[in-house]
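Take a look at the structure below.
The values are calculated or read from the model by the stated rules, or taken from the named source; none is laboratory data. Here the structure is a predicted model, which means the values were calculated and not measured. Neighbour counts are summed over all protein chains in view; Cβ atoms, including those assigned to glycine, are modelled from backbone coordinates with ideal geometry.
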Amino acid sequence: MATHDTKLGIGYESGMFYHAPAGTSLPTYPTETLAAAWKEVGDVSGDGITLTLDKSTENLRNWANKIKRVIVSEHTETVQAPIMDTTEETLTTMLGEDAVSTTTATTGHGNLVTASLSQDNLPEEEAFLFIMKDEDDCIAIGCEKGQITAMENVTFAPGASITWTPTITALEDGWQLIMDDGQTTS
């Protein structure tokens, strides 16, 4: 069994990106069977995900204008994730349940998915989870309460996947990293 201090952020074999209702507990171990509430959103592209931990600070100065303490005045934790699948689940996650409707297949057409791309509101708060594996090492990054707060431009072009790249902002407890080095006892 190999374990490495230098980890690769390689997506798990299938379904690297999941969502669930807000407040759904994150797994204890990255490789455990997920609770039924977790639904696969789609595959993350080869660009992987980007975690941003943005902190703004404020200097507290004394009367002599010397810095006596630095405090965090604001912090934002986001993940950007390029999703290369375009499915009903992907669209519902990116745009919100109210923006997507489906008409079941008939003899004249398959399932029809219609998505409203003009949205005045953000999608509902949800739990989000990304799972990565590097040989025996596994890493999960998730938040029990987050919200999609931005979406990059989507390009429709021959020879390239349609990629939906949301920015997911963690709310309340922030993003959690869960790591298992795969080394078990005998």
Quick check, is Phe130 out of contact with any Ser or Thr (no Cβ under 7 Å at 6 or more places or on another chain) and free of Cβ contacts under 8 Å to residues at least 12 places away in the same chain?
-> no
Within the group Thr87, Thr78, which residue is under 22 Å from Ile148 (Cβ atoms), surrounded by 12 or more Cβ atoms within 10 Å (Cβ to Cβ), more than 13 Å from the chain's Cα centre (by Cα) and not charged (D, E, K, R)?
-> Thr87
Got a sec? Which of Leu112, Leu129, Leu95 is at pLDDT 95 or above and not acidic (Asp, Glu)?
-> Leu129
Would you mind stating whether Glu89 is of a type in the set (D, E, K, R), out of contact with any Phe, Trp or Tyr (no Cβ under 6 Å at 6 or more places or on another chain) and part of a helix (DSSP H, G or I)?
-> yes
Scan of the stretch 46-74 for residues that are surrounded by 12 or more Cβ atoms within 10 Å (Cβ to Cβ) and either part of a loop (DSSP other than H, G, I, E, B) or touching a helix residue (DSSP H, G or I) at 6+ places or on another chain (Cβ under 9 Å) (or both), ordered by number = Asp47, Gly48, Ile49
Selected residue (criterion: surrounded by the fewest Cβ atoms within 10 Å (Cβ to Cβ)) from residues of the stretch 31-45 that are β-branched (Val, Ile, Thr) and farther than 16 Å from Thr93 by Cα | Thr33
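Conditions tested, residue by residue: (1) touching a Gly at 6+ places or on another chain (Cβ under 7 Å); (2) not in a strand (DSSP E or B).
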site: Leu122; (1), (2): no, yes
site: Phe128; (1), (2): yes, no
site: Lys133; (1), (2): no, no
site: Ile141; (1), (2): no, no
site: Glu144; (1), (2): yes, no
site: Ala150; (1), (2): no, no
site: Phe156; (1), (2): no, yes
site: Ile162; (1), (2): no, yes
site: Thr167; (1), (2): no, no
Pairs, please: C-beta under 8 Å, at least 6 apart or cross-chain, first residue under 17 Å from Glu88 (Cβ atoms) and at pLDDT below 95 and in the stretch 7-26, second surrounded by fewer than 17 Cβ atoms within 10 Å (Cβ to Cβ) and β-branched (Val, Ile, Thr)?
-> none
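Considering each of Gly96, Gly142 in turn, give the residue that is surrounded by 15 or more Cβ atoms within 10 Å (Cβ to Cβ) and at positive phi.
That would be Gly96, the only listed residue that is surrounded by 15 or more Cβ atoms within 10 Å (Cβ to Cβ) and at positive phi.
Take Glu40 and tell me if it is in contact with a Phe, Trp or Tyr (Cβ under 9 Å, 6 or more places away or on another chain), among the charged types (D, E, K, R), assigned to a strand (DSSP E or B) and within 19 Å of Thr163 (Cα to Cα).
It is true that Glu40 is in contact with a Phe, Trp or Tyr (Cβ under 9 Å, 6 or more places away or on another chain), among the charged types (D, E, K, R), assigned to a strand (DSSP E or B) and within 19 Å of Thr163 (Cα to Cα).
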Evaluate the following for Thr114: is it hydroxyl-bearing (Ser, Thr, Tyr) and part of a strand (DSSP E or B)?
-> yes
